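The values are calculated or read from the model by the stated rules, or taken from the named source; none is laboratory data. All figures in this text were calculated on a predicted structure; none of them were measured in a lab. All Cβ positions, even for glycine, are placed from backbone atoms using ideal geometry, and neighbour counts span all protein chains on display. These area figures cover heavy atoms from the full protein model, side chains too; ligands, DNA and RNA do not enter into them. Shrake-Rupley method; radii C 1.70, N 1.55, O 1.52, S 1.80 Å.
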Amino acid sequence: MKILVALKQVPDTESRIKVAADGRSLDPADVKWITSPYDEYALEEAIRIKEGKGAEVVALSVGSDAAKDVLKNALALGADSAVLLKGDGQGDAYQVAQMIAAYAKDKGFDLILCGNKGLGGDNAAMGPMLAELLGVAQANVVVKLELGDGTFKAEREIEVGSEIVEGALPAVITAQKGLNEPRYASLKGIMAAKKKTIEELEAAPATAGAQVSVLALPPERPAGRRMEGEPAAQALALLQALKDEAKVF
Amino acid sequence: MILVFCELKDGQLRKPSAEALSEGRRLADASGKQLGALFAGASCAGSAEAAKFGADAILTAEGPTLASYSSDAYAAVIADAVKAKGATVLLAAATAVGKDVAPRAAARLAAGYASDVTGLSMVDGKLQALRPVYAGKAFATTSFASAVQVATTRPNVFPVAEKAGAGTAETLAAPAGDFKSVVKEILAKAGGKVDLSEANVIVSGGRGMKDGANFKILEELADAIGGVVGASRAAVDAGWGLPHSMQVGQTGKVVSPTLYIACGISGAIQHVAGMSGSKFIVAINKDPEAPIFKLANYGIVGDLFEVVPELTKAAKALGIGSN
Ligand SMILES: Cc1cc2nc3c(=O)[nH]c(=O)nc-3n(C[C@H](O)[C@H](O)[C@H](O)COP(=O)(O)OP(=O)(O)OC[C@H]3O[C@@H](n4cnc5c(N)ncnc54)[C@H](O)[C@@H]3O)c2cc1C
Ligand SMILES: Cc1cc2nc3c(=O)[nH]c(=O)nc-3n(C[C@H](O)[C@H](O)[C@H](O)COP(=O)(O)OP(=O)(O)OC[C@H]3O[C@@H](n4cnc5c(N)ncnc54)[C@H](O)[C@@H]3O)c2cc1C
């Protein structure tokens, strides 16, 4: 079995967000970059399948040289090899999907694991777009995955509870928190990863469908009001304000 | 044409779909376009309701092969409808199905896609979308290069507006079957009565609740004011038996209720990522320095175990929730 894991490098949530001079992208100064947390669940699942029934795991990222950190980490955690698809500019999920599809198309992957959304960009789009471009099955926001003989059974989160999706392999599965508990890299893994190289390829040409034209900070929320007095008085004052000022009720 | 993929539940138009249709009507009026509503399923009985929200045409793909949701089958039906009608804008609500099918349909149409948007407009005949990014710390305006433009609308953000449309019915062929994946079973979970992302009022509890059993006082308040109970990740992960479907935040649900009451929640950025789009935020916390107060329209510094029951009592006294 051959598994591809798509990993994205994203700004850590704690990072202060500043808009760059172009007014449409993130100012990278002071940003701490991490692997998107959902992609960690995707990678962990791939490694568990490898440990269970045996599999070859390829980690892939589309990005600049900086994204190599994500791939080094994936190698340390147990990926067999890593591929960086290099390109310039900040494309959209459709563009990334075309690039990964062009790479993956003739390589015989049985399973492609992604995060359900890239932290920060939050489009939750790349996985299903890739599935469509490759003409394969998909299951999104997956919290449990079982593989059969050429088939999969996935439990995916929906509004109230979950649903069971069954389909044929190859498939694109996007991971959600709960799928597993990602491990930390061991010293042995980190040492072994040092001997592995990251394959660097030019990304296939692809056109973007959408682009960010303006990135702006949200308006400040107006200063709030505190309710004074004993709990009973506070409670009454709050509900009255919600009723009369906010007109919530 | 602006085409809106709509969902029915028990033969009724889902509210997030009514919101997407209402927004579609507004955009259609602004750009001189027709509005189409698209339905798919074993039965589309109830689809006529789309005319109430301004649909000029109601397209239905009906057949036994569509009885259970299939990502690839539904994406094909939607993309075929877009092509058949020459639609340039495709909308769906950002529900579990909408978020699953819209990007797949977009790729099939070689179209750009904006997910979970909170604002839409038509600029020079093309869609433009506004969406929160980086945990709500920034807003991105998305413009499209593609001929077809696809977006999903965040539930509870776009107002429902009734406006009569012609609602001319048109049937589409259902696919033959043999799909790549299909939903076999739906597992409802305890605690998930109403979906948080559709709730108008949410009462949320955090680590300050101290125990799962104490969520009873939040349930009582929620019942009194017509709300639903949510939780922080600290509460969900504490082993109190709260399902993940209750979790609000970056790794939980993103919600936009009219009123969000945070009880014993400190206001960590990952929690805020899920609720900063709420219209009114109330914080109840014993720590006057808790970051949640920076966000709150109204705050109560105090012990939630004293304040929450008083709120329930006061709600009953004022007759809130009884109308
Ligand atoms: C040539 C090029 C280089 C880019 N370089 C960077 C970069 O260095 N850093 C950055 O933050 N953005 C980069 N981008 C932009 C970014 O990848 C896209 O905008 C993104 O795919 C959409 O963002 P999202 O997180 O909302 O995606 P979503 O659709 O939410 O992502 C879902 C999942 O798709 C996979 N995925 C998404 N993007 C990538 C990717 N770039 N590589 C591998 N897997 C991915 C992940 O598994 C992710 O969890 C680049 C785009 C292009 C075209
Ligand atoms: C990658 C990542 C993803 C995350 N995703 C999420 C997410 O989706 N959702 C989420 O919520 N968190 C998420 N977190 C966790 C987040 O960082 C915080 O740890 C979490 O939100 C804290 O929950 P809390 O506010 O309930 O607990 P705490 O921060 O411990 O706050 C408890 C509060 O209760 C108050 N309190 C205590 N007793 C009382 C009382 N009797 N009366 C009144 N007030 C009282 C305290 O003053 C305190 O402010 C994530 C973290 C990471 C790293």
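Report whether or not B:G36 is in contact with a Gly (Cβ under 6 Å, 6 or more places away or on another chain) and under 14 Å from B:C6 (Cβ atoms). No; evaluated as a whole, the condition is false for this residue. Filtered by the rule that a residue be part of a strand (DSSP E or B) and either closer than 21 Å to B:S143 by Cβ or open to solvent by 90 Å² or more (accessible area, probe 1.4 Å) (or both), region A:189-223 gives A:E199, A:E202, A:A210, A:Q211, A:V212, A:S213, A:V214, A:L215, A:A216. In region B:136-159, how many residues are in contact with a strand residue (DSSP E or B) (Cβ under 7 Å, 6 or more places away or on another chain) and within 15 Å of B:V4 (Cβ to Cβ)? Selection size over region B:136-159: 8. Of all the listed residues (B:L66, B:L8, B:L21, B:L3), the sole one being in contact (Cβ under 8 Å) with a residue 24 or more places away in the chain and open to solvent by 40 Å² or more (accessible area, probe 1.4 Å) is B:L8. Of the helices (runs of 4 or more DSSP H) lying entirely inside region B:170-282, the ones with 1 or more residues being facing chain A (nearest Cβ under 9 Å) and closer than 21 Å to A:P218 by Cα are found at B:269-275. Remark: pairs (first residue in region A:223-241, over 20 Å from B:F280 (Cα atoms) and at the interface with chain B (Cβ under 7 Å from one of its Cβ atoms); second residue assigned to a loop (DSSP other than H, G, I, E, B) and not charged (D, E, K, R); Cβ separation under 6 Å; 6+ apart in sequence or on different chains) = A:P231/B:G302. Does A:D106 fit the bill of being out of contact with any Cys (no Cβ under 6 Å at 6 or more places or on another chain), among the charged types (D, E, K, R) and more than 16 Å from ligand 2 (Cβ to nearest atom)? Considered against the rule, which asks whether it is out of contact with any Cys (no Cβ under 6 Å at 6 or more places or on another chain), among the charged types (D, E, K, R) and more than 16 Å from ligand 2 (Cβ to nearest atom), A:D106 comes out as yes. How about region B:265-280: which of its residues are under 17 Å from the mean Cα position of the chain (by Cα), more than 9 Å from ligand 2 (Cβ to nearest atom) and open to solvent by 10 Å² or more (accessible area, probe 1.4 Å)? Matches in region B:265-280: B:S276, B:G277, B:K279. If the condition is being acidic (D, E) and at pLDDT 90 or above, then region B:179-212 contributes B:E185, B:D211. Report whether or not B:N200 is in contact with a Pro (Cβ under 7 Å, 6 or more places away or on another chain) and without any contact (Cβ under 8 Å) to a residue 60 or more places away in the chain. Criteria met by B:N200.
Against the conditions (1) more than 21 Å from A:K194 (Cβ to Cβ); (2) within 14 Å of chain B (Cβ to nearest Cβ); (3) more than 10 Å from ligand 1 (Cβ to nearest atom), A:I34 satisfies every one except (1). With respect to B:A145, determine if the residue is within 16 Å of ligand 1 (Cβ to nearest atom), surrounded by fewer than 17 Cβ atoms within 10 Å (Cβ to Cβ) and not β-branched (V, I, T). Spelling it out, B:A145 is indeed within 16 Å of ligand 1 (Cβ to nearest atom), surrounded by fewer than 17 Cβ atoms within 10 Å (Cβ to Cβ) and not β-branched (V, I, T). For region B:82-99, the criterion of being open to solvent by less than 10 Å² (accessible area, probe 1.4 Å), under 20 Å from B:S43 (Cβ atoms), more than 20 Å from the chain's Cα centre (by Cα) and in the same structural domain as B:L8 (by TED's automatic domain parsing) is met by no residue.
Residue by residue through region B:37-58, note down the ones that are in contact with a helix residue (DSSP H, G or I) (Cβ under 6 Å, 6 or more places away or on another chain) and either assigned to a strand (DSSP E or B) or not assigned by TED's automatic domain parsing to the domain that holds B:A164 (or both). Result: B:A37, B:L38, B:F39, B:A40, B:G41, B:F53, B:I58.
Of A:L71, A:L26, A:L60, A:L75, all but one fail to be touching a helix residue (DSSP H, G or I) at 6+ places or on another chain (Cβ under 6 Å), open to solvent by less than 50 Å² (accessible area, probe 1.4 Å) and assigned by TED's automatic domain parsing to the domain that holds A:E181; the exception is A:L75. Selection within region B:108-117: residues that are in contact with a strand residue (DSSP E or B) (Cβ under 8 Å, 6 or more places away or on another chain) and either part of a helix (DSSP H, G or I) or closer than 24 Å to A:E163 by Cα (or both). The member of this set that is farthest from ligand 1 (Cβ to nearest atom) is B:D116. Among the residues of region B:66-89, those that are closer than 15 Å to B:Y113 by Cβ, part of a helix (DSSP H, G or I) and among the small types (G, A, S) comprise B:S71, B:A75, B:A79.
One residue alone among A:A185, A:A206, A:A175, A:A210 is within 24 Å of B:A273 (Cβ to Cβ), within 21 Å of the chain's Cα centre (by Cα), more than 10 Å from chain B (Cβ to nearest Cβ) and small (G, A, S), and that residue is A:A175. Among the conditions (1) over 30 Å from B:V148 (Cβ atoms); (2) of a type in the set (A, V, I, L, M); (3) within 16 Å of ligand 2 (Cβ to nearest atom), the only one that A:I164 does not satisfy is (3). Condition first: surrounded by fewer than 22 Cβ atoms within 10 Å (Cβ to Cβ) and either more than 8 Å from chain A (Cβ to nearest Cβ) or within 16 Å of ligand 1 (Cβ to nearest atom) (or both). Now tell me which residues in region B:291-301 satisfy that. Selection gives B:P291 alone.
Taken as a whole, the structure places B:I300 among residues that are closer than 13 Å to A:L238 by Cβ and within 12 Å of ligand 2 (Cβ to nearest atom).
Would you mention how many residues in region B:302-320 are surrounded by fewer than 16 Cβ atoms within 10 Å (Cβ to Cβ) and outside any helix (DSSP H, G or I)? Selection size over region B:302-320: 2.
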